[in-house]
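Visitor: Sharing a structure below in structure tokens format, with a few things to ask.
The values are calculated or read from the model by the stated rules, or taken from the named source; none is laboratory data. Keep in mind the model is a prediction, meaning the values are calculated, not measured. Positions of Cβ are backbone-derived with ideal geometry, glycine not excepted, and every protein chain shown enters the neighbour counts. Please note that ligands, DNA and RNA were not included when accessible areas were found on the heavy atoms of the full protein model with its side chains. Shrake-Rupley method; radii C 1.70, N 1.55, O 1.52, S 1.80 Å.
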Amino acid sequence: MKLRRPARRATLVVHVIGAACWLGLTLGLVALALTAITTDSSAAVEAAVRSMKVFADWLVLPLALITLVSGLVLSLGTQWGLARHRWVYTKFWLTLATTTASAFALRPGVDESAATVAVGDPITDTADLIAGPLVSLGAYLFMTALSVLKPWGLTRRGQKQRGQKERASAHKRVDAEDVRQTA
């Protein structure tokens with residue numbers, strides 16, 4: 001099923017906005033985590049971690065799901081296909097992995113850090129606070145590069161589909177040339 005042009009364009013806009021917001025949110029999480037790790041002020045640490053909790057609770061998953069769903073709709077509704085091009089396939093699995101990691105690793109880690117600073121205790125494992133946002137940032141930057149560069153060519157499935165289309169179009173071309181005018 002191919003998306004019509006208005007639907008494709010609207011979905012593309014939603015996808016790009018969602019991905020850009022997710023990337024920006026992750027940059028914000030990195031900045032807040034660095035602030036929490038490097039400052040000596042307990043008030044600044046608490047403010048940074050509480051801010052991270054708000055972002056993680058309210059924005060991370062909705063933006064991840066918007067990006068995942070809109071990307072899936074685009075891949076299935078356009079000529080790119082989900083499993084035809086390696087770059088699309090890679091982006092899909094990385095988006096799925098980072099969405100899952102956001103839900104089951106990033107959010108619980110931030111929640112735990114927020115609970116720790118809320119009772120006045122210092123954060124003992126700062127690597128947990130910064131690791132998730134840094135890994136996510138790296139993945140999003142890599143996926144952005146994939147979207148722009150579109151490397152690696154077709155998958156095996158894409159090569160098979162291309163071969164079938166070429167054979168079908170060759171038959172049509174021969175049949176069209178063979179048409180003789182009557183009377």
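So that you can scan it fast, the table gives a plain yes or no per residue for (1) closer than 16 Å to L25 by Cβ; (2) in contact with a His (Cβ under 7 Å, 6 or more places away or on another chain); (3) open to solvent by 30 Å² or more (accessible area, probe 1.4 Å):
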| residue | (1), (2), (3) |
| --- | --- |
| V73 | no, no, yes |
| G77 | no, no, no |
| W87 | no, no, no |
| S113 | no, no, no |
| G120 | no, no, yes |
| G132 | yes, no, no |
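Visitor: Yes or no: L137 in a helix (DSSP H, G or I) and under 15 Å from the mean Cα position of the chain (by Cα)?
Guide: yes
Visitor: What number of residues within segment 90-99 satisfy the criterion of being within 20 Å of L129 (Cα to Cα) and either surrounded by fewer than 21 Cβ atoms within 10 Å (Cβ to Cβ) or without any contact (Cβ under 8 Å) to a residue 12 or more places away in the chain (or both)?
Guide: Total meeting the criteria: 2.
Visitor: Do you know which residues across segment 1-36 are open to solvent by 80 Å² or more (accessible area, probe 1.4 Å) and outside any helix (DSSP H, G or I)?
Guide: Correct list: M1, K2, R4.
Visitor: Which residue, of A145, A139, is surrounded by 15 or more Cβ atoms within 10 Å (Cβ to Cβ) and either modelled with pLDDT of 95 or more or farther than 25 Å from K91 by Cα (or both)?
Guide: Result of the check over A145, A139: A139.
Visitor: Please enumerate the residues belonging to segment 37-89 that are within 30 Å of K165 (Cβ to Cβ), in a helix (DSSP H, G or I) and in contact (Cβ under 8 Å) with a residue 60 or more places away in the chain.
Guide: Hits for segment 37-89 are V73, L74, L76, G77, R86, W87, Y89.
Visitor: With the structure loaded, tell me whether A48 is touching a helix residue (DSSP H, G or I) at 6+ places or on another chain (Cβ under 7 Å), under 22 Å from S136 (Cα atoms) and open to solvent by less than 60 Å² (accessible area, probe 1.4 Å) or whether it fails that test.
Guide: yes
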